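Engineer: Input: one structure, supplied below.
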Amino acid sequence: MLFAKMRAEKARKAFIRGASGNDRVRLATEVLPSNCDAECDIVYETPDIPEHRLDIYKLKGTEVADEIFFLVHGGAFVYGSKEIDKNFGMNLAVFSQIPVANVNYHLLPEKSLQGILADLCSAMDYLTKQRGIRKVHLIGDSAGAYLALMLACALLDKDVRHDMGIFIKSDVEVLSVASICGVYTGSRDRFPGYFFTKPTGARDGDNVLPEYVFDLKNIISRTGLPKTCLITGDKDFLHDMNVDMRDFLAGQGIPVKFYDAISTEGEDARHVFAISHPSWQESHAALKLIIENVVS
C-alpha cells in the first residue's frame with residue numbers, strides 16, 4: 001500500500017509539472033474569439049472557492065435559452081481548470097450557436113472521484129435552477145471525457161447515482177455526449193485511479209465506490225448513452241482506447257460518430273489536439289463533427 005501511494009504521488013507531481021509547463025506557454029499566446037461573450041467566474045455553490053465556479057460563453061447577439069453544452073476540462077483528474085479549455089469552449093459556442101458552460105471542479109486527491117462528481121452535479125443544479133437549463137450536451141477531454149460520460153450515465157440512472165453516493169435535484173435531459181481523446185479505463189492500484197477513493201474514516205471519506213467506475217464499459221452497458229461523438233488522433237496515446245470504445249458503443253446499439261485526426265507536416269494529432277490547437281484544420285473538422293452530432 002505504501003509503495004502504491006508513493007508511486008501514485010510521484011506520477012501525480014510529474015504530470016502536473018509537465019502539463020502546467022505546456023499550458024503556460026500555450027495560454028500566453030492564445031487569441032480568444034472576439035465574437036463571443038463570456039460571463040466568467042460564476043459561483044455555482046460555495047462563494048470564495050475557485051473550484052465552485054463556471055463560465056458561460058455565447059455567440060454575440062444571442063441569448064442563453066434552455067439548452068447548453070456542459071464542458072468538463074481534462075488533466076488526469078489531478079490538474080487543470082476551466083481556463084485550459086476556455087479557447088475551445090468559446091469557439092464551440094461561436095460555431096454551434098449553443099451556449100457553453102465551462103466548469104471548474106475539485107481535483108484529486110483533495111477530493112475523491114465521488115467529490116468531483118458531486119461538484120459537477122452541483123454545477124448542473126445551478127444551471128437548471130438559476131439559468132433555466134433543461135437540455136444539456138455533455139463534453140469533455142481526456143479525464144474530462146471520462147467525467148462527462150460518467151455524469152451522463154448518472155443522470156440517466158438513479159441507481160448509479162445511489163451507488164456513487166451522489167445526488168442531483170435537476171430534471172435535465174442529456175441530448176448528446178462528446179469525448180475528445182477520452183480515457184475510459186483505469187486501475188485502482190495506479191495513478192490516477194489510486195486516488196479515486198479516500199479511505200473510509202478519513203475526513204470526507206467515501207462510501208465504497210462500485211467496481212464499474214474503473215471501466216466505463218460496465219456502466220454504459222447498464223445505462224446506455226445518448227448519441228455520442230468520439231474524437232482521437234493518430235498520435236493520441238489513447239488512440240487505441242478510443243477505437244475500442246467506438247466499437248463497443250456501436251455494439252451496444254448507441255449511435256456513435258468518430259473522428260480520427262491525421263497528423264500533417266508541422267502539426268501532430270496528439271492527445272487533446274482540439275483543445276491545444278483549436279485553430280488547426282483537423283481541430284476544425286473535429287469541432288464540426290461534434291456539432292453535427294448535436295444537430296443530427
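The values are calculated or read from the model by the stated rules, or taken from the named source; none is laboratory data. Here the structure is a predicted model, which is why all the values come from computation and not from measurement. We place every Cβ from the backbone using ideal geometry, glycine too, and count neighbours over all the protein chains shown.
Engineer: Quick one: residue 166 ticks every box in (1) over 16 Å from residue 102 (Cα atoms); (2) in contact (Cβ under 8 Å) with a residue 60 or more places away in the chain; (3) outside any helix (DSSP H, G or I) bar one, so which box is it?
Structural biologist: For residue 166, the failing item is (2).
Engineer: On to the next question. So, in segment 93-109, of the ones that are in contact with a His (Cβ under 9 Å, 6 or more places away or on another chain) and among the polar types (S, T, N, Q), which residue ends up surrounded by the fewest Cβ atoms within 10 Å (Cβ to Cβ)?
Structural biologist: Among them, the one singled out is 96.
Engineer: To continue, here is another question. Just one of (1) surrounded by 24 or more Cβ atoms within 10 Å (Cβ to Cβ); (2) among the hydrophobic types (A, V, I, L, M, F, W, C); (3) in contact with a helix residue (DSSP H, G or I) (Cβ under 6 Å, 6 or more places away or on another chain) trips up residue 76, so point out which.
Structural biologist: (1)
Engineer: Taking residue 10, is it at pLDDT 95 or above, of a type outside the set (A, V, I, L, M, F, W, C) and surrounded by fewer than 21 Cβ atoms within 10 Å (Cβ to Cβ)?
Structural biologist: On the way: at pLDDT 95 or above: yes; of a type outside the set (A, V, I, L, M, F, W, C): yes; surrounded by fewer than 21 Cβ atoms within 10 Å (Cβ to Cβ): yes.
So residue 10 fits the description; yes.
Engineer: Applying the selection to segment 110-140, what residues are surrounded by fewer than 20 Cβ atoms within 10 Å (Cβ to Cβ), assigned to a helix (DSSP H, G or I) and of a type in the set (Asp, Glu)?
Structural biologist: 125
Engineer: Out of all the residues in segment 141-154, is one or more modelled with pLDDT of 95 or more, in a strand (DSSP E or B), in contact with a strand residue (DSSP E or B) (Cβ under 8 Å, 6 or more places away or on another chain) and crowded, with 22+ Cβ neighbours inside 10 Å?
Structural biologist: Yes, segment 141-154 contains a residue that is modelled with pLDDT of 95 or more, in a strand (DSSP E or B), in contact with a strand residue (DSSP E or B) (Cβ under 8 Å, 6 or more places away or on another chain) and crowded, with 22+ Cβ neighbours inside 10 Å.
Engineer: Can you tell me which residue within segment 254-296, out of those that are farther than 30 Å from residue 222 by Cα and in a strand (DSSP E or B), is nearest to the chain's Cα centre (by Cα)?
Structural biologist: Top of the filtered list is 270.
Engineer: List, please: which pairs have Cβ atoms under 6 Å, are six or more places apart or on different chains, and start with a residue in segment 227-253 that is assigned to a loop (DSSP other than H, G, I, E, B) and end with one that is at pLDDT 95 or above?
Structural biologist: Between residues of segment 227-253 that are assigned to a loop (DSSP other than H, G, I, E, B) and residues that are at pLDDT 95 or above, the close pairs are 234/262; 234/263; 234/269; 236/181; 236/271; 237/271; 238/181; 238/183.
Engineer: Mind checking which pairs have a first residue in segment 60-81 that is among the polar types (S, T, N, Q) and a second that is surrounded by 21 or more Cβ atoms within 10 Å (Cβ to Cβ) and in a loop (DSSP other than H, G, I, E, B), Cβ under 8 Å, 6 or more apart or different chains?
Structural biologist: 62/99; 81/73; 81/104
Residues are listed down the side, and each one gets a yes or a no for (1) touching a residue at least 24 places away in the same chain (Cβ under 8 Å); (2) over 15 Å from the mean Cα position of the chain (by Cα); (3) assigned to a strand (DSSP E or B):
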site	(1), (2), (3)
25	no, yes, no
51	yes, no, no
58	yes, yes, yes
85	yes, no, no
91	yes, yes, no
105	yes, no, no
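Engineer: Still on this model: Those residues that are in contact with a helix residue (DSSP H, G or I) (Cβ under 6 Å, 6 or more places away or on another chain) and either within 26 Å of residue 277 (Cα to Cα) or at pLDDT below 95 (or both), I need them from segment 126-138; list them, please. So that I can check it myself, show each step before the final result.
Structural biologist: Filtering segment 126-138 down to residues in contact with a helix residue (DSSP H, G or I) (Cβ under 6 Å, 6 or more places away or on another chain) leaves 133, 137-138.
137, 138 - these are the residues of segment 126-138 that are in contact with a helix residue (DSSP H, G or I) (Cβ under 6 Å, 6 or more places away or on another chain) and either within 26 Å of residue 277 (Cα to Cα) or at pLDDT below 95 (or both).
Engineer: Next question. Among the numbered criteria (1) within 26 Å of residue 206 (Cβ to Cβ); (2) surrounded by fewer than 21 Cβ atoms within 10 Å (Cβ to Cβ), which single criterion is violated by residue 62?
Structural biologist: (1)
Engineer: Scan segment 33-47 for residues that are in contact with a strand residue (DSSP E or B) (Cβ under 8 Å, 6 or more places away or on another chain) and either in a loop (DSSP other than H, G, I, E, B) or not small (Gly, Ala, Ser) (or both) and jot them down. Walk me through how you get there before you give the answer.
Structural biologist: So the first thing to find is which residues in segment 33-47 are in contact with a strand residue (DSSP E or B) (Cβ under 8 Å, 6 or more places away or on another chain), and the list is 35-44.
Passing the criteria: 35, 36, 37, 39, 40, 41, 42, 43, 44.
Engineer: Moving on. Considering only segment 160-171, I want to know if a residue exists there that is aliphatic (A, V, I, L, M) and surrounded by fewer than 18 Cβ atoms within 10 Å (Cβ to Cβ).
Structural biologist: No, that holds for no residue.
Engineer: Take residue 233 and tell me if it is touching a helix residue (DSSP H, G or I) at 6+ places or on another chain (Cβ under 8 Å) and either at positive phi or surrounded by fewer than 21 Cβ atoms within 10 Å (Cβ to Cβ) (or both). First the steps, then the outcome.
Structural biologist: On the way: touching a helix residue (DSSP H, G or I) at 6+ places or on another chain (Cβ under 8 Å): yes; either at positive phi or surrounded by fewer than 21 Cβ atoms within 10 Å (Cβ to Cβ) (or both): no.
When the stated conditions are applied, residue 233 does not pass them.
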